[in-house]
Amino acid sequence: MEKEKESERVEEIQHFSHPHSLAVFNDEEQSEKSKEAHCTACLELLLGCPSFGCGECKFYLHKKCAEAPSKISGSPFHRKHPTLTLRLSSISCDLCKQTRKMFKYCCTSCSAALDIKCALLLHNMVEDFREFKYIGHEHPLTFFENLKDELKRVDCHWCQKPVIDSVYVCLNCRFYLHKQCVRLPTQLYHPCHRKHLLYLQDDSLVCRLCQRDHWSLFYQCLPCKLDIDIECVRSRPGSIIEYNSDHEHSFTLLVRNDPFICDACGTEGNYFSRICSTCHIMIHEKCISLPRIIKITRHHHYIFHNYFFQKQDLESHGCGICLSEVKIEYGSYKCFKQDCNYVVHVNCALEMEMYDIIDQVNDEDEESIENLAVNSSITCVIEMNQEGEAAKVKHFSHDHDLTLGNKIKEDDDQRCDACMLSISTSFYYCSQCNFLLHKTCAELPRKKHHWFHRSLTTLNLVDIYKCDRCRRLCSGFVYKDDEEYAFCLRCVGTSHTLICQGHEHFLFFDFKFRGQCSGCGATCENGGYKCKDCSTFALDVACITLPQATRYKGDKHFLKLGFHEEHDDPEQYYCDICEEKRNPNYWFYHCTVCNNSAHPKCALGRYPYMKIKIGITFPYQHHRHYHPLISVKKSYGTCSYCHQLCQDVALECTVCTPNLTIHYDCWDRYSLRVC
């Protein structure tokens with residue numbers, strides 16, 4: 001009888017979002033398992049709320065979510081089209097910006113969407129909207145106070161900081177403003193610039209006060225070309241005295257429309273400066289916070305900031321990064337070691353944030369940094385020869401013992417399994433299998449810091465990867481950090497300053513350089529090596545890391561890297577491999593015996609730094625495909641991406657039906673990251 005009464009209390013409903021009937025149950029009737037479940041509509045916990053559920057599919061809905069209207073008409077959020085329809089979707093919510101699979105009210109005529117929580121929040125407040133016409137925006141703004149969590153995830157359009165308690169929202173274009181930002185005056189007189197009125201603008205500019213280049217809300221004086229971001233206007237209303245830990249005295253703000261040279265960094269400033277009347281120095285506002293001691297990636301020791309050179313250092317110094325002169329009368333960073341004369345410009349030392357701030361100098365820390373680089377990859381020396389060299393060793397990268405050798409047949413193109421380059425010098429070989437390492441590659445440190453990367457990297461042997469510096473597909477040894485950034489041995493082996501063949505002056509690496517490479521004509525997208533004396537000469541990382549010599553397939557002789565043509569006959573400027581014309585201004589490979597020349601890409605082949613093996617499985621990440629791929633010998637079929645014939649080694653997915661096949665080139669072009 002009790003069971004019959006219990007069954008009478010149970011109700012079932014049908015809901016458009018689920019194929020099965022949903023049972024109604026109150027909190028006291030919920031099982032322990034369902035109490036931990038989440039509502040499919042709003043993703044909140046069911047606990048404490050009347051709910052519907054399908055135990056078979058683990059599908060649950062709050063009663064209020066199940067009873068939400070299937071359509072909302074006349075929403076102030078979307079005045080362009082009259083109706084929003086409820087459906088289960090992963091599209092991003094236009095109000096709170098969250099992308100989660102849940103119930104959304106979507107417009108069937110455009111891509112507008114609101115999740116169920118934001119939609120009901122707006123719908124329930126439709127009679128209580130307080131709209132405000134802001135002079136800086138074309139649409140009226142709606143004011144929200146005591147915000148729900150959904151709106152706390154968005155940032156203010158002006159100051160780029162998260163909204164917390166109240167916000168003005170444009171429901172037409174998803175424009176958000178803090179209450180305090182809305183009330184900012186659109187024009188004002190400020191103590192830092194008494195000559196003209198300042199006008200409020202939003203733009204990407206350089207603040208004259210803090211010297212930061214960023215997108216923000218700015219007050220501008222157009223006649224004087226003066227820009228001050230909103231944070232500096234708020235925090236520095238006048239002549240404020242500040243203390244700097246790198247200087248024993250206080251600094252006072254001086255506002256003058258006159259240029260000056262900053263005594264801290266040696267670069268020009270204008271309008272705003274900080275002065276120390278005791279030491280008679282004038283510095284930028286931003287230079288107040290210069291770190292006293294830092295460790296940069298381009299130098300092994302700590303360096304510290306000086307306003308002036310010491311008496312014993314009063315001689316010409318070249319910057320250790322850009323190679324140009326460091327003037328002794330202005331501030332710079334100098335090496336802590338007494339026997340090291342390393343000096344750099346302040347802005348060079350701090351570029352791209354390739355440094356760590358040191359709070360306290362510890363000699364043991366410096367020693368550990370230096371000793372880290374001598375940690376060899378050779379795990380055990382088994383035998384020594386008469387010259388004191390390790391004749392037989394164990395190496396982390398190979399299971400068998402490796403023996404030292406020094407002779408390779410002249411016509412035998414053996415390649416190192418670490419760097420994939422031809423072997424012509426001392427090497428280690430395995431007597432049981434075809435495994436070879438240059439002696440220099442075998443002796444590489446297992447863990448190493450690199451001047452172009454802040455994190456510590458570890459040496460490993462992998463079948464295939466893409467170098468995050470030169471962007472080439474590679475096999476063999478790779479230095480990787482904890483975030484899976486990967487660097488090949490050619491990039492690791494280059495210094496940040498160098499002299500290359502084909503050019504007489506020193507080159508230095510500039511992270512911000514985006515000019516044309518003199519070696520190949522390509523744009524240096526990730527920085528490049530610039531000449532300190534020639535403004536027109538620069539090289540990208542790919543050209544700097546080209547091998548000085550290579551062998552083309554079955555040729556007897558090595559092709560050597562060439563830089564300048566010696567003859568004036570235009571007919572001689574062609575490639576003997578592809579038989580197409582060459583640009584005489586770009587680098588090429590040349591055989592002096594056979595008098596043959598070739599493009600670098602033709603001489604090196606399609607994958608010069610990769611050992612392609614059949615049957616290797618590796619991950620492939622792309623928005624259209626997530627299965628691992630296997631390398632196969634393919635003499636038929638077409639590539640699923642470029643639709644060209646596959647006549648060599650290709651990649652194949654055995655999960656997809658029909659099998660997905662892709663060229664290595666296409667995989668390289670479309671992949672996101674190779675692990």
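The values are calculated or read from the model by the stated rules, or taken from the named source; none is laboratory data. Computed from a prediction, not measured in an experiment: that's the story for all the values here. As a convention, Cβ positions derive from the backbone with ideal geometry for all residues, glycine included, and neighbour counts pool all protein chains shown.
Note on segment 246-278: residues that are more than 14 Å from Cys210 (Cα to Cα) and part of a strand (DSSP E or B) total 11. When Pro547 is tested against (1) surrounded by fewer than 19 Cβ atoms within 10 Å (Cβ to Cβ); (2) part of a loop (DSSP other than H, G, I, E, B), only condition (1) is not met.
Of all residues in segment 154-174, those that are part of a strand (DSSP E or B) have Cβ atoms under 6 Å from Cβ atoms of residues that are at pLDDT 75 or above and among the charged types (D, E, K, R), 6 or more apart or on another chain, in Pro162/Asp155; Ser166/Lys179.
Take Ser597 and decide whether it is hydroxyl-bearing (Ser, Thr, Tyr), at pLDDT 85 or above and closer than 25 Å to Gln414 by Cα.
Against the criterion (hydroxyl-bearing (Ser, Thr, Tyr), at pLDDT 85 or above and closer than 25 Å to Gln414 by Cα), Ser597 qualifies.
Take segment 465-480 and flag every residue that is modelled with pLDDT of 90 or more and under 14 Å from the mean Cα position of the chain (by Cα). Within segment 465-480, Cys467, Asp468, Arg469 qualify. Hey, can you tell me all the residues within segment 340-363 that are under 19 Å from Phe308 (Cα atoms) and in a loop (DSSP other than H, G, I, E, B)? Within segment 340-363, Cys340, Asn341, Tyr342, His345, Leu350 qualify.
Taking segment 89-109 as the range and being loosely packed, with under 14 Cβ neighbours inside 10 Å and closer than 21 Å to Ser51 by Cα as the test, only Lys101 passes.
Residue by residue, here is whether (1) under 29 Å from the mean Cα position of the chain (by Cα); (2) in contact (Cβ under 8 Å) with a residue 24 or more places away in the chain; (3) surrounded by fewer than 15 Cβ atoms within 10 Å (Cβ to Cβ) holds:
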position: Thr278; (1), (2), (3): no, yes, yes
position: Cys287; (1), (2), (3): yes, yes, no
position: Pro291; (1), (2), (3): yes, yes, no
position: Tyr307; (1), (2), (3): no, yes, no
position: Cys319; (1), (2), (3): yes, yes, no
position: Ile328; (1), (2), (3): no, no, no
position: Lys334; (1), (2), (3): no, yes, no
position: Lys337; (1), (2), (3): no, yes, yes
position: His345; (1), (2), (3): yes, yes, no
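Residue-level check: of (1) at pLDDT below 85; (2) among the hydrophobic types (A, V, I, L, M, F, W, C); (3) more than 28 Å from the chain's Cα centre (by Cα); (4) closer than 29 Å to Arg551 by Cβ, Cys591 misses just (1). Across segment 521-539, the number of residues qualifying as touching a residue at least 12 places away in the same chain (Cβ under 8 Å) and farther than 20 Å from Asp468 by Cα comes to 9.
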